[in-house]
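Okay, so here's the structure we're looking at.
What follows draws every value from the coordinates through simple rules; no lab data is involved. Bear in mind that the values here come from a model prediction, so they are computed numbers and not experimental data. Neighbour counts are summed over all protein chains in view; Cβ atoms, including those assigned to glycine, are modelled from backbone coordinates with ideal geometry.
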Amino acid sequence: MRPIRVDEQIYYDKVYACWLGKNIGGTLGAPWELDKSLHELTFYDPVPTEAAANDDLDLQLVWLKMLQERGVYPSVGDFADYWVKHLGPYPWNEYGMCRRNLDRGLRPPISGCFENYFIDEMGSPIRSEIWACVAPGDPGLAASLAWKDAVLDHAGGEGVYGEMFWAALESAAFVVSDPLTLIRIGLAMIPVHCLISRAVREALWCHQNDVDWREAREKIVHCFGHNQPCNAPQNHAFTVLGWLYGQDFGDCLCQAVNCGYDTDCTGATLGAVLGVVGGTQVIPDEWKAPIGDSIVLHKFTQNLDAPETIAELAEQTVAIGVDLLKTRSQVSEIAPQSAIADNVLPLLFDNRQALAALQQDFQSAIETVDGYDIALHYGGEPVLRPGIAKTVGVSVRQHDQPVAAPASLQAPAGWSVEPAPEAFGQQRFTLQAEEVEDKNYLVAIVQLPGGNCSTRYLILGPGEAQGYPCRNNVETCPRCGARVECCICTEGELP
């Protein structure tokens, strides 16, 4: 029997309220997205007739499908596979850069940071709720799952910290409800030096010292504001300001959205948080009525048999959560009746799984073979330059635990491969070549318990690694707006 037991009916209610709040907040903020102005909203403007299509929700529907089909131990490679399968048309910022790297042959986590200016943005923090909802009452587990998601397109950036922060906070909200405690649990999972941690702490300080809401918002803009409206630190602080300064569900959402910038994301995240904290009883009918229970997919989400209603989504999420906790959690479980151990706060603040995730190498590519994650550590950029030696490493993990497995490397003809001293838990090798083509592949041969296996990793030559202009998105179709490689136009449909 685990120290945290979550009542199965309360669990469903909170999951339903999470997704409903996500839809409400995203729809409220959608018309004002990217507008940096201070707003004065008190309700939807304009009042909608259905929920706004929102990648904040859609990407998590893809991860739900992944968990249903691949199981509750997803690898970073699973995330890459499902991105390619269902999310290919998305062109914006980190999404487009991630897919560009995947198309080149790079795998996560290096796919998330190489030649990607947008790693500090909101694309991954907005995907936190699925990990909280399938790991209720186990914030460390939720944060470690969020790490695997976030590195796909934000490796090494603030986006990783943001998703881990919200996933842990929302997971704990299934058990405790005090905002200050929940925020501190989220902060415990991320480095104190990161900008998100500092921006959130500033928002807390302003509230605790009776700083006026508008003054607090201006302070955040002055100290943490970025010219990119989707930059994560400022938007995390705005979400926290809305939560702390708001008087009720609707007022909290409006306060967050009124800060401006990435308003659909701040509204959607806070709506989800409030839903988990208070359940459906805190969401007034006046906020639910305009959008109803339906889920509206974005046109760039492709080939996905997704739930059509919030109720259906909640049912499927709960089914995965029950299974995932049984398999992976030592802390919490779903039970006929709630029961919370006396020492619950130390359990909720336990950040060992989060710290272990953060210690993994962002500058690596991971391939999964027979349940083993085999990583090639690039030791920097995934590039070999003619005449310059480069040391790389190989390591193996299973279920997030290191595994001793002898490895060797095979390189293209004309390259030298020499063993190097082991370091950082890696078997290391020094590569050198006088001529390097644009794309080359190393083959790692690893001796696993079931026998030898081999897997390939991309090494770029300087001709394929010439950089990408910062703030520039990938090329898009002028008619449908999708990545040109995944255009969704149908013949004769658009002028």
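The phi-based Karplus calculation (6.51 cos²θ - 1.76 cosθ + 1.60; θ = phi - 60°) puts the 3J(HN,Hα) values of region 278-291 at x, x, 5, 5, 8, 9, x, 4, 5, 7, 7, 3, x, 10 Hz, whole numbers, x for Gly and Pro.
Sparsely packed loop sites in region 1-40 (the GluC sites (Glu not before Pro) outside DSSP H, G, I, E and B with at most 10 other Cβ atoms within 10 Å) comprise E40. Given a Förster distance of 35 Å, report the FRET efficiency between A420 and D400 from their Cβ-Cβ distance, rounded to the nearest 0.05. FRET efficiency, A420 to D400: 0.85.
Can you put C230, C133, C223, C470 in order of Cβ neighbours within 10 angstrom, beginning with the fewest?
On the way: C230 22, C133 30, C223 14, C470 10.
With the fewest neighbours first, C230, C133, C223, C470 line up as C470, C223, C230, C133.
In order along region 321-335, phi translates into HN-Hα couplings of x, 4, 5, 5, 5, 4, 8, 10, 9, 9, 10, 10, 7, 8, 9 Hz, rounded to whole numbers, per the Karplus curve 6.51 cos²θ - 1.76 cosθ + 1.60 with θ = phi - 60° and x for Gly and Pro. Cα centroids of region 10-64 and region 111-174: 18 Å apart. Projecting the Cα atoms of F118, A268, T42 onto the dipole axis of the chain, where Lys and Arg carry +1 and Asp and Glu carry -1 at the beta carbon, places F118 farthest toward the positive end. Amide H contacts of V383 (H built 1.01 Å from N, in plane; Pro and chain starts excluded): L460 sit under 5 Å, all sequence-distant by 5 or more or on other chains. For the chain, the longest principal axis of the Cα atoms and the long axis of helix 139-154 meet at an angle of about 60 degrees. Here is the tail figure for region 367-464: Cα pairs spaced more than 17 Å apart come to 47 percent of all pairs. When only the Cβ of Lys, Arg, Asp and Glu is charged (+1, +1, -1, -1), the dipole of region 253-394 relative to its Cα centre reaches about 520 debye. For region 116-126, putting each phi into the Karplus relation 6.51 cos²θ - 1.76 cosθ + 1.60 with θ = phi - 60° gives couplings of 10, 5, 9, 5, 9, 9, 8, x, 9, x, 6 Hz, in residue order, rounded to whole numbers and with x for Gly and Pro. Charge dipole (Cα centre; +1 on Lys/Arg Cβ, -1 on Asp/Glu Cβ; no other charges) of the chain amounts to roughly 1140 debye. Close amide H pairs (under 5 Å, H built 1.01 Å from N) link E121 with G159, A232, residues at least 5 positions away or on another chain. Run down the aspartates and glutamates and flag those whose C-alpha is under 17 Å from the C-alpha of K36, throwing out any fewer than 8 positions away in its chain. Partners within reach: D45, E121, E215, E218, D262, D264. Close amide H partners of Y441, meaning residues 5 or more places away or on another chain with modelled amide H under 5 Å apart, are I459.
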